[in-house]
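Following: one structure in structure tokens, then a few remarks.
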Ligand code: HEC
Ligand code: HEC
């Protein structure tokens, strides 16, 4: 009798695991519908220049889409070709930032303007897969999105095939159930560019993604789990050859205006600008210091003013490189 019960339990578990494995393998590549934004690339030189500025500056496309071997150059704020390069080695598998030069075969040459715009506005790739929440340009204005796509089209095409993403089982589970398209498509018009906190909010939340790294989140699902900009996320360190350093990590500081625990609590506007002009202090951290160093004074002032308006949150973090793997 007991044997039969045990056998029954084992069979139920085996069946449940089999169903999970089958479901996950059927679902992880699932596709989603999202509208194609009505945005067409332009050949207007001012438009292309704005797009290039965003891509190599505040929107830091270069930080992920230039090869890891060019990290030092990108880090100095230079313009390395966006032929693909950052390899994301994550707990759920490896993902490879693609070549976004206009090469027909290995780049974005075959993607329509609408497909590129949809990837950036909704997090839905050209083949319909949902993209993890690392390019949160969902509320970027039509004009800025148009500028970026116009710039992408104007680049020299470079042939550079990239590996296919390699998800492990955990990754397939995450993609089967948790990763979904993001933006709701309800994009407010961009505020006019000036040094106010209103424009700073647009830069921080729609272009530079400060919150993506400085707001606490679940590193597996990407879900936000704590007060805005209060820091505490663990990240890997990259060595000079672009490899992840084993056994080390860095934490994002609290950048809310909390008097005691906020990293910038006693920074003046001038200190903030100077910190961004100075660029990297700790080698190999994921803060895009190089691209950000290209931001204008006006934008940095706007960002500073905006960060002064966010809710001050007490949140301790440890500064500098720490022992222990990031994940
Ligand atoms: C934090 C790293 C990161 C940043 C910053 C970033 N990307 Fe990406 N991008 C990726 C990764 C990783 C993928 C692959 C996603 C996938 O296939 O699931 C990707 C995919 C893409 C794709 C292909 C989408 C498709 O349909 O297959 C385009 C186009 C793109 N990025 C453009 C940009 C542009 C333009 C910027 C700057 C405005 C940018 N990215 C900033 C990491 C990044
Ligand atoms: C891709 C992740 C990432 C993004 C995006 C990011 N940061 Fe950071 N930031 C970090 C990490 C990691 C550190 C700690 C290591 C370091 O200072 O390099 C850091 C450090 C800082 C510091 C402290 C520097 C110091 O020397 O004390 C400030 C201030 C800061 N970030 C502000 C910002 C602002 C403002 C934005 C948006 C414009 C932003 N960060 C975007 C990851 C990020």
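All of the numbers you see were taken from the coordinates with simple rules; none came from a lab. Keep in mind that what you see is a predicted model, and the values were worked out from it rather than measured. All Cβ positions, glycine included, derive from the backbone under ideal geometry; neighbour counts span all protein chains shown.
So the values come out like this:
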item: Whether the stretch 86-130 is rounded, prolate or oblate, judged on the alpha carbon gyration tensor where a/c under 1.5 counts as rounded; result: oblate
item: Mean separation of Cα contacts under 8 Å (6+ apart) over length of the stretch 191-327, as relative contact order %; result: 34 percent
item: Highest-first arrangement of 132-143, 294-305, where packing means the average Cβ count within 10 Å; result: 294-305, 132-143
item: Estimated FRET transfer efficiency (residue 15, residue 271; beta-carbon r; R0 45 Å; 0.05); result: 0.15
item: Taking only Cα atoms of the stretch 193-327, radius of gyration then Dmax in Å; result: 14.7, 43
item: Sequence-separation-based contact order of the chain, relative, with Cα cut under 8 Å and 6+ spacing, percent; result: 20 percent
item: Helical mean residue ellipticity (222 nm; -39500 (n - 2.57) per DSSP H run of 4+; nearest 500) of the chain; result: -10500 deg cm²/dmol
item: Cα long-axis angle, helix 113-122 against the chain (0 to 90 degrees, to the nearest 10); result: 80 degrees
item: Rg/Rg_ref, the stretch 49-119, where Rg_ref = 2.2 N^0.38 Å and atoms are Cα; result: 1.14
item: Folded to 0 to 90 degrees: helix 2-27 orientation relative to the chain principal axis, Cα; result: 40 degrees
item: Pairwise label distance in nanometres, residue 165 with residue 259, each label 7 Å out on the Cα-Cβ vector; result: 4.6 nm
item: Highest-MSF residue in the chain out of 249, 165, 65 [GNM, Cα springs under 10 Å]; result: 165
item: Gyration tensor verdict on the stretch 1-133 (Cα atoms; rounded if a/c is under 1.5, prolate if a/b is larger than b/c, oblate otherwise); result: prolate
item: Principal axis dimensions, largest first and in whole angstrom, of the chain by Cα; result: 78, 50, 40
item: Contact order relative to length of the stretch 31-190, as percent, for alpha carbon pairs under 8 angstrom and 6 or more apart; result: 31 percent
item: Length added when fully stretched, residue 36-residue 314, from 0.36 nm per residue minus Cα-Cα; result: 95.9 nm
